Amino acid sequence: KIDQEKWIPFVVDGGLQKDVNDIISSVDLDPLNWTRIVDLTNKEEQKTEQEEQQEDEKPKGHKKSVVVSDKTFVASDSLLVAIKMIKSILALSVSLPPHYLSNFEKMCLDLLRYFNSHAISSVSITVDGKLALASGKNLSILGESLDCLTEFVTLVQGFYQRFGDACKDFTPCSATVYNQLLQQFQSSSDKIYQSHAPPPPV
């Protein structure tokens with residue numbers, strides 16, 4: 001999907017912003033609707049909630065940004081898909097036995113890492129033997145997507161750290177792993193910024 005991404009602003013539905021808010025709150029507590037995923041005792045209630053969620057997820061207005069805490073980012077289609085995938089992994093982490101936490105944390109880290117590397121490679125070209133960024137795509141929107149996911153690196157770290165404190169059989173990845181991932185995102189952002197910078201004076 002990233003290889004086909006045009007990096008243009010994309011409409012954000014209400015359900016997606018709610019997912020973002022749930023991810024933010026999950027650093028401190030389990031969102032209630034996540035804990036109900038494996039609750040099979042009240043199907044009628046689940047059906048009602050599912051209908052409400054589908055109603056929330058219908059596009060409303062023309063909002064094309066995602067709000068993470070107090071920061072606003074212009075959304076791309078690939079960014080929204082990535083956020084939905086992260087939410088699904090975190091919701092499964094809450095709902096399934098702690099035995100799977102290490103696998104789910106690795107899934108989140110891999111998703112973030114691969115998004116970063118594939119996004120940059122999708123707009124990279126070679127000019128005179130040097131690597132550069134293609135000018136035919138909206139690099140600003142790509143930059144917004146990467147900056148947004150940088151925020152999610154910290155959220156994912158906080159989420160699994162909370163489980164590490166609560167579950168004796170689970171040890172989350174070290175801060176070094178997350179810091180390295182943040183550095184990769186920073187390096188990509190710097191590369192995009194430099195591609196917009198004016199040439200040095202002669």
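The values are calculated or read from the model by the stated rules, or taken from the named source; none is laboratory data. No experiment lies behind these values; they were computed from the predicted model shown. Note: ideal-geometry Cβ built from the backbone for every residue, glycine included; neighbour counts use all protein chains shown.
Name the one entry in V123, V153 that is surrounded by 14 or more Cβ atoms within 10 Å (Cβ to Cβ), under 20 Å from D19 (Cβ atoms) and β-branched (V, I, T). That would be V153, the only listed residue that is surrounded by 14 or more Cβ atoms within 10 Å (Cβ to Cβ), under 20 Å from D19 (Cβ atoms) and β-branched (V, I, T). When I120, I192, I141 are screened for being modelled with pLDDT under 95, touching a Gly at 6+ places or on another chain (Cβ under 6 Å) and closer than 25 Å to K6 by Cα, only I192 passes. Would you confirm whether or not region 134-143 contains a residue that is without any contact (Cβ under 8 Å) to a residue 60 or more places away in the chain, under 15 Å from the mean Cα position of the chain (by Cα) and in a helix (DSSP H, G or I)? Yes, because at least one residue in region 134-143 is without any contact (Cβ under 8 Å) to a residue 60 or more places away in the chain, under 15 Å from the mean Cα position of the chain (by Cα) and in a helix (DSSP H, G or I). If the condition is being more than 15 Å from D30 (Cβ to Cβ) and touching a residue at least 40 places away in the same chain (Cβ under 8 Å), then region 86-105 contributes I86, H99, S102, E105.
Looking at A82, A91, just one residue is out of contact with any Pro (no Cβ under 7 Å at 6 or more places or on another chain), assigned to a helix (DSSP H, G or I), at pLDDT 90 or above and within 19 Å of G143 (Cβ to Cβ), and that residue is A82. Per the conditions (1) without any contact (Cβ under 8 Å) to a residue 12 or more places away in the chain; (2) touching a strand residue (DSSP E or B) at 6+ places or on another chain (Cβ under 7 Å), the sole criterion not satisfied by D165 is (2). Kindly evaluate S189 against the criterion of being surrounded by 14 or more Cβ atoms within 10 Å (Cβ to Cβ), out of contact with any Phe, Trp or Tyr (no Cβ under 9 Å at 6 or more places or on another chain), more than 21 Å from T35 (Cα to Cα) and among the hydroxyl-bearing types (S, T, Y). So S189 passes the test. Every test in (1) of a type outside the set (F, W, Y); (2) modelled with pLDDT under 90; (3) surrounded by 11 or more Cβ atoms within 10 Å (Cβ to Cβ) is passed by V68 save one, and that test is (2).
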